[in-house]
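A.B. asks: Please read through the structure below; I'll follow up with questions.
No value in this document is a laboratory result; all are computed from the given coordinates. No experiment lies behind these values; they were computed from the predicted model shown. So basically every Cβ, Gly included, is an ideal-geometry build from the backbone, and we count neighbours across all protein chains shown.
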Amino acid sequence: MKYLVRSQGFGATVGVIAMLAVFTVIDFSGWWTVQTLSNVTQFTAILALVALGQALVIMTKEIDLSVGSIYGLTGVAFITLEPSLGVPGSLIVALFIAAIAGFVQGTAVVKGELPSMIVTLGGLFAARGIIYVWTGGSVHNFSPDARTHALTRLLGGELFGIAAAIYWVGIISLLLSIMLWGTRFGNRLLATGGSRESAESRGVRTDRVKTAAFVLCSLLAGFAGILTLCNQPQTHVTLGENMELEAISAAVIGGCLLTGGRGSILGVILGALIVVSFRYELIALGAPSSWYITFVGAVLIVAVIFNQKLARFLGHSV
Amino acid sequence: MTQQPLIQVKNLDLYFGAFHALKNVSVDFNAGELIGLVGDNGAGKTTLIRVLCGIHAPTKGEVFFDGRKVEKFHPKLAIDQGIETIQQSVGLCDNLSIARNFYLGREPVKRILGIPFLDFAKMREKSSRVIRQFGLRENVSADDEVERLSGGERQSVKIGRAVEFKNRVVIMDEPTNHLSVREREHVNELAVQLKEQGLLVIYITHDIFQVHKLADRVVIMENGEKVADASTDSMSAEALEDVIRQGGRVVEKQEAV
Ligand SMILES: Nc1ncnc2c1ncn2[C@@H]1O[C@H](COP(=O)(O)OP(=O)(O)OP(=O)(O)O)[C@@H](O)[C@H]1O
Ligand SMILES: [Mg+2]
């Protein structure tokens, strides 16, 4: 219990319990159905992947506003390159494009000593612009062959009635936890976010650490885009729009402090669950879909206040 | 004195924007020497040693290490050359545990299936053993975050780390700050021991009488300039204090005569 309270994910855990209680009371029959739960968990898995990457960047005390566009761009690349490269080939090239996008932005942030908020805002527009030019605004589909390709099914199918994305988020979050808490890179990433000068004075190449975080973030966003399209192989120019806001919300609700150096992998997943559940349930209850953004905003603010109070209570300086 | 200096600083200038923080500083540091670096607040002591440990690159001038000109300045390069520094105001990440801070940048690993994982057992055991000698209380564990430590305990982590990783040069920027009498003595003994082991020790302090007792040579700075550089045999502690109080003018006059 003590460990739980001390973990950054505590707020999100409380939030999920409260949210489920409320949904149970106001919409028992609508919420607790296989259909709802499978949709919500599938969307949660996708958003969680994007939010996990975002969390890594936030832990280094930067931010990445471009994840929604990178998610879209990688997805578009995956679908439109498939006819010439095949499914595995276009998967690799699409992820490579994502990695390059992260590398370019990360390098601009550390070498140019620019605020990541601005650089990645540029990335957001630039990548979205490329999507428009590339697709010409039209919708692209996978061929029937590509839809039934083993790799497409591995990434977008299901096993025992559970969507592949959920297994993927399970595996990736486990790997990220191990990386973050159990390796040199993780220790240096957390140190970079905690105090860049101090980490640097101990010989940590904080510029490389930050660049690596941006690359991982873009890769995860791109991979999430690919998972989505393997499940529903149809691109649209708005693919991933506003996703950066949801991802940042999920990371912050999940306990990542914008002051850097602190966060929780489990918390981020629960944060994504909260964001997605609100979206789904509000629409299910018949609220106009535009209300959902307002609600996410309100939840975000409550979460930030809660997490800050919690951090102060634990004696952290935030 | 035919041996070449381990670190040689030649005509160093450093600007922070328009502010001239180091003005044409030249000084030699020899292996096996304990050198006191003294001077008023804001004299440029910390700035000078931050060039030596790679945090700042000089605007003009040269630094030689072991006879070779230093081309690139980064803390990692300085550490790899064997320069270990107890920094005055940076060096600890509040969000990390004592053990993680202790080994930051040189984390020991244990391979499982060929993958290098942090060796937590070693990190905990070794770090707490070393730091306890410098005043870390028994009830503080190596897993506690540095944020919860007292000023003296934080200092003990930095000192312990320098002892553990000492190599060729140990730079101590006001190392006895926040320390109680016993730990202070321990640190001063340590500085002498390191020197006797053949290391170069650069010791920054405001405690003139203490440094006069410990050091072989004292370098005095004032307003970004080196104003005196004398062996402690040739200068009494009182004279040293006078020079600092008067901003180096005494020395200039003496030289002019
Ligand atoms: N990063 C920086 N940017 C701008 N000015 C700086 C910076 N670091 C130091 N200075 C300025 O350079 C001067 C020398 O500072 P320095 O820290 O070297 O003094 P010091 O001799 O170590 O003093 P103290 O005994 O108080 O530690 C001061 O006027 C300080 O304000
Ligand atoms: Mg100083």
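A.B. asks: Checking B:A162 against (1) in a loop (DSSP other than H, G, I, E, B); (2) touching a residue at least 60 places away in the same chain (Cβ under 8 Å), which single condition isn't satisfied?
C.D. replies: Failed condition: (1).
A.B. asks: Among the residues of the stretch B:141-158, is there at least one that is more than 16 Å from ligand 1 (Cβ to nearest atom), under 24 Å from B:F29 (Cβ atoms), without any contact (Cβ under 8 Å) to a residue 40 or more places away in the chain and among the polar types (S, T, N, Q)? Give the derivation first.
C.D. replies: Start the filter on the stretch B:141-158 by keeping residues that are more than 16 Å from ligand 1 (Cβ to nearest atom), which leaves B:141-150, B:152-154, B:156-157.
Restricting the remaining residues to those that are under 24 Å from B:F29 (Cβ atoms) gives none.
Among the residues of the stretch B:141-158, not one is more than 16 Å from ligand 1 (Cβ to nearest atom), under 24 Å from B:F29 (Cβ atoms), without any contact (Cβ under 8 Å) to a residue 40 or more places away in the chain and among the polar types (S, T, N, Q), which makes the answer no.
A.B. asks: OK, next. Would you be able to say whether some residue in the stretch A:61-83 is touching a Cys at 6+ places or on another chain (Cβ under 7 Å) and in contact (Cβ under 8 Å) with a residue 60 or more places away in the chain?
C.D. replies: Let us first name the residues in the stretch A:61-83 that are touching a Cys at 6+ places or on another chain (Cβ under 7 Å), namely A:64, A:67.
Still in the running and in contact (Cβ under 8 Å) with a residue 60 or more places away in the chain: A:64, A:67.
Within the stretch A:61-83 (the criterion being touching a Cys at 6+ places or on another chain (Cβ under 7 Å) and in contact (Cβ under 8 Å) with a residue 60 or more places away in the chain), the answer is yes, since at least one residue qualifies.
A.B. asks: Are there any helices (runs of 4 or more DSSP H) wholly within the stretch A:104-170 with 1 or more residues that are under 19 Å from the mean Cα position of the chain (by Cα) and not hydrophobic (A, V, I, L, M, F, W, C), and if so which? Break it down stepwise before answering.
C.D. replies: Values: elements: A:116-135, A:144-148, A:150-156.
Output list reads A:116-135, A:150-156.
A.B. asks: Can you find a residue that is surrounded by fewer than 20 Cβ atoms within 10 Å (Cβ to Cβ), within 25 Å of A:R205 (Cβ to Cβ) and within 16 Å of ligand 2 (Cβ to nearest atom) anywhere in the stretch B:61-84?
C.D. replies: no
A.B. asks: Please go through the stretch B:17-46 and pick out each residue that is charged (D, E, K, R) and more than 9 Å from ligand 2 (Cβ to nearest atom). Full working, then the answer.
C.D. replies: Initial filter on the stretch B:17-46 (charged (D, E, K, R)): B:23, B:28, B:33, B:40, B:45.
Within the stretch B:17-46, B:K23, B:D28, B:E33, B:D40 qualify.
A.B. asks: Whether any residue in the stretch A:28-40 is in contact (Cβ under 8 Å) with a residue 40 or more places away in the chain and buried (at least 24 other Cβ atoms within 10 Å of the Cβ) is what I want to check.
C.D. replies: no
A.B. asks: Sticking with this structure for a sec: Of the residues that sit in the stretch B:165-218 and are within 14 Å of ligand 1 (Cβ to nearest atom) and part of a helix (DSSP H, G or I), which one is farthest from the other protein chains (Cβ to nearest Cβ)?
C.D. replies: Among residues in the stretch B:165-218 that are within 14 Å of ligand 1 (Cβ to nearest atom) and part of a helix (DSSP H, G or I), the one farthest from the other protein chains (Cβ to nearest Cβ) is B:I208.
A.B. asks: Out of A:G222, A:G271, I need the residue that is touching a Cys at 6+ places or on another chain (Cβ under 9 Å), part of a helix (DSSP H, G or I) and under 17 Å from A:A45 (Cα atoms). Which one?
C.D. replies: Values: A:G222 fails: touching a Cys at 6+ places or on another chain (Cβ under 9 Å).
Just one listed residue meets the conditions, A:G271.
A.B. asks: Which residues, counting only those in the stretch B:115-129, are more than 9 Å from chain A (Cβ to nearest Cβ) and more than 12 Å from B:R161 (Cα to Cα)?
C.D. replies: We begin by selecting, within the stretch B:115-129, every residue more than 9 Å from chain A (Cβ to nearest Cβ); these are B:119, B:121-129.
Scanning the stretch B:115-129 gives B:D119, B:A121, B:K122, B:R124, B:E125.
A.B. asks: Taking the condition of being among the charged types (D, E, K, R) and in contact with a Lys or Arg (Cβ under 8 Å, 6 or more places away or on another chain), how many residues in the stretch A:18-75 meet it? First the steps, then the outcome.
C.D. replies: As a first pass, look at the stretch A:18-75 and keep what is among the charged types (D, E, K, R): A:27, A:61-62, A:64.
This time we only want the ones that are in contact with a Lys or Arg (Cβ under 8 Å, 6 or more places away or on another chain), so: A:61-62.
Matching residues across the stretch A:18-75 total 2.
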